[in-house]
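Accompanying notes for the structure given below.
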Amino acid sequence: MNQIEIEHLNKNYGSLQALHDISLDIPVGAFVALVGPSGCGKSTLLRTIAGLETITSGTIRVAGEVVNDKAPRERDLAMVFQSYALYPHMTVEQNMSYSLRLRRRPKAEIDERVGEAARILGLEKLLKRRPKQLSGGQRQRVAMGRAIVRKPKVFLFDEPLSNLDAALRVQMRSEIRKLHKNLGATSVYVTHDQIEAMTMADLIVVLHDGRIEQIGRPLDLYRRPANRFVAGFIGSPAMNFVPAEVTADGRTIAIGTGTLLKIPRAQEPGRKVLAGLRPEHLRLDGSGERLTATVDIIEGTGSMTFIEARIGSDLLNVAYAGTYETEAGAPLTLGIASDDIYLFDPETGRAL
Amino acid sequence: MLQSGLVKYLRDGKGFEGTLIVAAVLYLLVFAAFPLIYTVVMSFQEVDMFTLGTLVRPFAGLTNYTDLFHRPEFAPIVWNTMIFVTLSIAFQLTIGFALALFFLQDFPGSTYVRGLFLAGWILPALVVGAVWRWIFAGDFGVLNYALQSLGLIDGQIYWLSDPAYALYSVIIANIWLGIPFNMILLSVGLAGIPGDVYEAAEMDGANVIQRFLTITLPMMGPTLGAVVALGVIFTLQQFDLVAALTQGGPANASNVAQYWSWQMSFQTYEISGGATVATMMIALVIVVAVIYVRSVQREQSF
Amino acid sequence: MATEESTFQFLPWAQSAGGDFNAINTDGSVRALQFWQKLVDDKVATPEVLVLNQPDLGSQFVAGNIGMIVTGCWELPRFAKEVKFDWRVALMPIEKAGAPRASALGELAYAVPRTSAHPDEAFKFLEYIYAQSSRDWNEYGWLPLDQTATPKDPKWPEAYAVFAEQMKYARGRGPSPVWPKVSKAIQTAIQDTLTHKTDAKTALDTAQSTIDGLIK
């Protein structure tokens, strides 16, 4: 059963089309990440679900019911904003109890639910404070608490962690994930950070220029990107793309100055392609398909070594788990498993 | 050499900041503190036309005050002033607030129309008074003509010369004059409320009225406080309109404290009486100013 | 309106009926004020007189909204230029035949400060000013106060004759160092009566006691 169903949704701002024919099913209890670069339409999509933006055409259903013309407050969705959007004139407690007070819930119930949310989020000691007296992380928790007390069908998150520092972000990532598991509600989470999406989501929706590029589980997107955009967006550091040509037998491609690499599936001979090689798949021991390169830049962090290598006019980023010592200008022999070579149509970007 | 050193000191050194401070302090002393204290001092002295030229005059104690309280026009004028201030501010604020909310809606041309409203505010009060005098004129006024054309009244209403209407006519003109200022200040306050706070409230289940009552009003609290305080101060110094419309008449029906003070000081030359009224008004304005400053501080605390 | 102008307008009526600023509650003064009150009550005069000043009322006359106006010769240049109907100047009316005529003098009062270092020069200056009286009428439309002054070839000779005649009965107001307060008392009496806050007799009695207190 689906909590949210979106069919052929279009959203125009005047002549500008922000969302193109979006269709998406979000199963009950799923944690779905909407991910993409800024301006891709992910926040707009979330806001159409929330009802904060009208839609131009299409249908949105929540729990089987069409909500196209319903006001946000009639949709029973809770939202955590990027800016937190806390009510500055209310205490933490009042912020969290606001929705319940509007619904005229009995005081005992309000106290209990606010108390519970505060306990879960570790806000018990801050209940009497105003948002201004809180740190960024604490404000973020209050914003979450405000959503939790409502026990809604769906949580909508609009880049909730982007204003936090890196360490706190990592911590909150797992807390939100845990919370989601405990509360069992459906979550839709907008982020531009593919690592957040990969680590938190059950299902990732990759958006680009107002279109859905691919929907899938995180590792499926990593392993089988549907196109060049998803391949380049998912994975860190990003995939290398090298122009290549399929050889006469259709089983190998030639890159750079003529290096031949065996490919997983036969292709049309002579076809121009883009070869996608993930930095972490390039091995420094030269095993598998072999490439000869020159070191341009080397950066070591101890646990990881990043090398920028050159093959002819092409640049390749290499990520090696461990330490490796070399210097700029030194020759480098790289290897890659044939199965780890991705091929894309240079015109359409589609995976081959 | 010395001279260029001084120039350099004034231009680049600490002398520059010092000059700015001295200039500002000097200005305040000469044009604000001195007249204020001088007025207060005069309210305790016997002052008439013949002792105007000197500073040392007979000390009068509180006789100026007791004399004032015993004048037959004292109570009516105090009452008029209270009505004038209360009604002016109540309507300036509500209409200004309503207009500010109205222009917050993004309809085509809203910013231009809002700008046009300011035109009323930049007009000198004397000009506004002259225009309203034509509107309110009893025999050949625009307002009477309009009301008669609409069949709302039969005879003439003597807006300015009928003691029952005169004060309210001045108040109406003053409300008109004060609305743009209220609207702009309140617009600025409204613009300071982040849009996502409203969205959050909407998601939390608040309808339009609830959003206004629980988000807009409390968040506008400090701004409203400041606007009311400024309104009291501006209304208490609204002299020009009274002068242009009724000159406090007929028979003091529309006389208010600020105009009375001027009448005594510059028409009948009861200068200590005028100073006494002014001093009491200063005391009131100081109280209001303190509220205003508090209010502004609270505004910054959000 | 409640300014010096209303005292200026009222005094001749009171004086003609036997009152004056220091005897403002005489029967004649009361009758004069009652007459004013009746003018307004009967809508012969607009209630706007309570708030309009002389130039405003002059404008209403020019516009043809007012048929009769008590005003001064300084309006002559304007009226001569702008009034589009046939109009004349007449002497101020009197209560009954034989009653004294009166009119108000709108002359300036000059003061030479006690501490002045040049009192003689000040008087010479004043003499110079009055020596120019003959120019008042033709150049400014003002009636010369100096009875010996004779403007050459006066403009609007008919009007001049009336004003010159009226001038014989003119009296200055005061003068008194407390004049503004005296005047204020009279203004208050006029306003209170015309708005029916009180009757003419009470209003003028109040004014009289105020004035008595002022000039002793």
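The values are calculated or read from the model by the stated rules, or taken from the named source; none is laboratory data. Everything numeric here is computed off the predicted structure, so don't read it as measured data. Note: ideal-geometry Cβ built from the backbone for every residue, glycine included; neighbour counts use all protein chains shown.
Selection of helices (runs of 4 or more DSSP H) fully inside the range B:12-114 by the criterion of at least 1 residues being in contact with a Lys or Arg (Cβ under 7 Å, 6 or more places away or on another chain), closer than 20 Å to B:Trp176 by Cα and touching a residue at least 24 places away in the same chain (Cβ under 8 Å) returns B:74-104. Only one entry in B:Gln258, B:Gln238 is more than 11 Å from every other protein chain (Cβ to nearest Cβ), under 22 Å from B:Pro35 (Cα atoms) and outside any loop (DSSP other than H, G, I, E, B), namely B:Gln258.
Only one entry of A:Asp339, A:Asp296, A:Asp285 meets the criterion of being acidic (Asp, Glu), surrounded by fewer than 16 Cβ atoms within 10 Å (Cβ to Cβ) and either assigned to a loop (DSSP other than H, G, I, E, B) or modelled with pLDDT under 90 (or both), and that entry is A:Asp285. Looking for something in contact with a helix residue (DSSP H, G or I) (Cβ under 7 Å, 6 or more places away or on another chain) and within 11 Å of another protein chain (Cβ to nearest Cβ) - is there at least one such residue anywhere in the range B:217-230? Scanning the range B:217-230 turns up at least one residue that is in contact with a helix residue (DSSP H, G or I) (Cβ under 7 Å, 6 or more places away or on another chain) and within 11 Å of another protein chain (Cβ to nearest Cβ). Among residues of the range A:54-66 being aliphatic (A, V, I, L, M) and under 15 Å from A:Ser23 (Cα atoms), the one that is farthest from the other protein chains (Cβ to nearest Cβ) is A:Val66.
Just one of the numbered conditions (1) surrounded by fewer than 18 Cβ atoms within 10 Å (Cβ to Cβ); (2) under 19 Å from the mean Cα position of the chain (by Cα); (3) over 30 Å from B:Gly195 (Cα atoms) is not true of B:Ala90: (3). Checking each residue in the range C:13-62 for being under 18 Å from B:Gln247 (Cβ atoms), surrounded by fewer than 22 Cβ atoms within 10 Å (Cβ to Cβ) and acidic (Asp, Glu) picks out only C:Asp56. Residues that are among the aromatic types (Phe, Trp, Tyr) and within 22 Å of the chain's Cα centre (by Cα) do occur in the range B:117-125, at least one of them. Return the residues of the range C:41-59 that are touching a Leu at 6+ places or on another chain (Cβ under 6 Å) and more than 9 Å from chain B (Cβ to nearest Cβ); say none if nothing qualifies. If the condition is that a residue be touching a Leu at 6+ places or on another chain (Cβ under 6 Å) and more than 9 Å from chain B (Cβ to nearest Cβ), then C:Ala45 is the only one that fits.
Using the structure shown, decide if C:Trp74 is at pLDDT below 85 and surrounded by fewer than 19 Cβ atoms within 10 Å (Cβ to Cβ).
Numbers: at pLDDT below 85: yes; surrounded by fewer than 19 Cβ atoms within 10 Å (Cβ to Cβ): yes.
Considered against the rule, which asks whether it is at pLDDT below 85 and surrounded by fewer than 19 Cβ atoms within 10 Å (Cβ to Cβ), C:Trp74 comes out as yes.
For the range B:242-255, taking the residues that are more than 8 Å from chain C (Cβ to nearest Cβ) and buried (at least 24 other Cβ atoms within 10 Å of the Cβ), the one that is farthest from B:Phe136 (Cα to Cα) is identified as B:Asn255. Of all residues in the range A:64-93, those that are among the charged types (D, E, K, R) have Cβ atoms under 7 Å from Cβ atoms of residues that are in a helix (DSSP H, G or I) and surrounded by fewer than 23 Cβ atoms within 10 Å (Cβ to Cβ), 6 or more apart or on another chain, in A:Arg73/B:Glu202.
Please go through the range A:25-42 and give me each residue that is under 19 Å from the mean Cα position of the chain (by Cα) and surrounded by fewer than 21 Cβ atoms within 10 Å (Cβ to Cβ), ordered by number.
Here is the first cut: in the range A:25-42, the residues under 19 Å from the mean Cα position of the chain (by Cα) are A:25-27, A:29-42.
Scanning the range A:25-42 gives A:Asp25, A:Pro27, A:Gly29, A:Ala30, A:Pro37, A:Ser38, A:Gly39.
For residues that are at the interface with another protein chain (Cβ under 10 Å from one of its Cβ atoms) and β-branched (Val, Ile, Thr), scanning just the range C:186-216, find the one that is surrounded by the fewest Cβ atoms within 10 Å (Cβ to Cβ). Among them, the one singled out is C:Thr198. Kindly provide the set of residues from the range C:65-123 that are within 18 Å of C:Ala17 (Cβ to Cβ) and either part of a helix (DSSP H, G or I) or of a type in the set (S, T, N, Q) (or both), ordered by number. C:Ser103, the sole residue that qualifies.
Could you check, for the range A:225-240, whether at least one of its residues is over 30 Å from A:Ala30 (Cβ atoms), crowded, with 19+ Cβ neighbours inside 10 Å and at pLDDT 90 or above? Steps first, answer last, please.
Just the residues of the range A:225-240 that are over 30 Å from A:Ala30 (Cβ atoms), to begin with: A:240.
Imposing the further condition that a residue be crowded, with 19+ Cβ neighbours inside 10 Å reduces the set to A:240.
From what's left, at pLDDT 90 or above: A:240.
The answer is yes; a qualifying residue exists.
Which one of A:Arg47, A:Arg73 is facing chain B (nearest Cβ under 9 Å) and at pLDDT below 90? It would help to see each step written out before you state the result.
Values: A:Arg47 fails: at pLDDT below 90.
It is A:Arg73.
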